[in-house]
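First the structure, in the form of structure tokens, and then the observations on it.
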Amino acid sequence: MRSSKLAALLTVAAMALTACGSGGGDDAADGKVKIRFSYWGSDSRQKLTEEVIAAFEKKNPDIDVVGEFSDWQSYYESLATKVAAGDAPDVMTLEIRGLAEYAGRGAIADLTGKIDTAALAQDALAAGQVDGKQYAIPTGVNVFAMYANKSVLEKAGVELPDDKTWTWDDYIKLSAEISKAGNGEYYGTEYTSNNPTYPTIYAAQRGEKLYDNGRIGITADTLKAWWGNFLNMIETKASPDAAKMNEIIAAGVEQSLIGTNKGAFGMWWSNQLGTLSKVSGSELAMLRMPKLESGGGHGMFLQPAMHWTISSKTEHPAEAQKFVDFLVNDPDAGGILLSDRGLPINSKVLEAIKGKLTPADQQSLEFIDEVKSELSAAVVPPKGASKMEDVIKRYTEAVTAGQMTPDEAAGKFLEEANAAIAG
């Protein structure tokens, strides 16, 4: 529902932007230039963001940055409403899924040549481009990986698998073995039914793309094989049944099987290692994703955690650009934010803050360095991609609950997913 409102509100915004400027024009009475900055997150992120704003203002006493913070659930609806009303924040945080939508509606500015990107990882930077223009600057990067809870593996008497060679069949068989050893106390694995990253990786292993030239590129055969893995996990009791998994997924990372020491394996983003390590109190390993029997790569890619963007109608583009430049290029900013929005893509900043990173962040960094040569660059999804999480979730739940066969679900999924992208 939120994605539909986003598209509708941004359509209004495209018309409103021709007549209205950004809301950054109410400058402070003391002569400072005021710019507004929108972002989402937890209380801890809000605290860090306030600290980094204060550091920027200290270095730029003529600029006043006003943070506009909200929780994740309400962020995009609130932002789209502001944009539609011609009251967009000067600097806006966006996910990669919403980038093409905002760029296509003319809501964000082309930053090509406006931000110093010399020290930024170019493969990550490409994930902020739409139609060859740099509309966004990645805040940092993550990798979607398989996690292993070593304490559960030890209980089950199972060794850590060789992640360079293991296959999906290996993963499911090993998980079933662990579940059998757990006898209801713990499971071999948990799966994720609502994250487009998982089918993106699986499709890449089969030489396909989730999105390809403005359409869904994943084939029905690949979807059926992917859903077949879920059914295999449930049938062999490698994972909990569909009803229990739906409850676990809805509860979030802290109540995951990995996080509660009730599961050996699970798929999560690399920046979630700190939370999972903390709530579990266990030593966790990060592994490459399993691959197909036929060999080939693991299909993993480097993903921006989120993006910094600037309103196309900001009345203070120079000040907004200065703020974004500070966030990505200044070691003082990096030393405050650390990995909160992904590991920095500025090599100089990353080197400067390495000593401040938590053990979990150090582990994530080591893993990314280890697999870096195997990673592909993230692809900016087309318009309508913000709806894909819901579409994937609904059909996966229908298949795992036995309401639809993989064959039935594949045809309907492709029809609905392509319609969502077509708008």
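One table, with the values for the structure above:
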quantity: The range 408-423, residues that are under 17 Å from Ser386 (Cβ atoms) and part of a helix (DSSP H, G or I); calculated: Phe413, Glu416, Ala417, Asn418, Ala419, Ala420, Ile421, Ala422
quantity: Total residues in the range 55-81, condition out of contact with any helix residue (DSSP H, G or I) (no Cβ under 7 Å at 6 or more places or on another chain) and closer than 23 Å to Ala305 by Cα; calculated: 9
quantity: Which listed residue, of Tyr135, Tyr147, Tyr102, is under 18 Å from the mean Cα position of the chain (by Cα) and in the same structural domain as Gly259 (by TED's automatic domain parsing); calculated: Tyr147
quantity: Subset of the range 356-371 (residues that are touching a residue at least 40 places away in the same chain (Cβ under 8 Å) and charged (D, E, K, R)); calculated: Asp361
quantity: Test: residue in the range 347-356 that is more than 19 Å from Leu287 (Cβ to Cβ), part of a helix (DSSP H, G or I) and hydroxyl-bearing (Ser, Thr, Tyr); calculated: yes
quantity: Odd one out for Lys313, checked against (1) without any contact (Cβ under 8 Å) to a residue 12 or more places away in the chain; (2) part of a loop (DSSP other than H, G, I, E, B); (3) of a type in the set (Lys, Arg); calculated: (1)
quantity: So Glu185, is it touching a helix residue (DSSP H, G or I) at 6+ places or on another chain (Cβ under 9 Å), in the same structural domain as Ser280 (by TED's automatic domain parsing) and either assigned to a loop (DSSP other than H, G, I, E, B) or β-branched (Val, Ile, Thr) (or both); calculated: yes
quantity: Sole residue being over 13 Å from Gly140 (Cβ atoms) and either free of Cβ contacts under 8 Å to residues at least 12 places away in the same chain or under 22 Å from the mean Cα position of the chain (by Cα) (or both), chosen from Val324, Val349; calculated: Val324
quantity: Residue within the range 325-340 that is outside any helix (DSSP H, G or I) and of a type in the set (Asp, Glu) present; calculated: yes
quantity: Ser311 under 30 Å from Ile53 (Cα atoms), more than 18 Å from the chain's Cα centre (by Cα), modelled with pLDDT of 95 or more and among the polar types (S, T, N, Q); calculated: yes
quantity: Residue within the range 54-75 that is exposed (fewer than 15 other Cβ atoms within 10 Å of the Cβ), small (Gly, Ala, Ser) and under 24 Å from Ala333 (Cα atoms) present; calculated: yes
quantity: Residue tally, condition assigned to a helix (DSSP H, G or I) and over 20 Å from the mean Cα position of the chain (by Cα), over the range 388-407; calculated: 7
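Results for (1) over 22 Å from Ala285 (Cβ atoms); (2) touching a residue at least 12 places away in the same chain (Cβ under 8 Å), shown as yes or no for each residue.
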site: Ala220; (1), (2): yes, yes
site: Lys224; (1), (2): yes, yes
site: Leu231; (1), (2): yes, yes
site: Glu235; (1), (2): yes, no
site: Gln255; (1), (2): no, no
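The values are calculated or read from the model by the stated rules, or taken from the named source; none is laboratory data. Keep in mind the model is a prediction, meaning the values are calculated, not measured. All Cβ positions, even for glycine, are placed from backbone atoms using ideal geometry, and neighbour counts span all protein chains on display.
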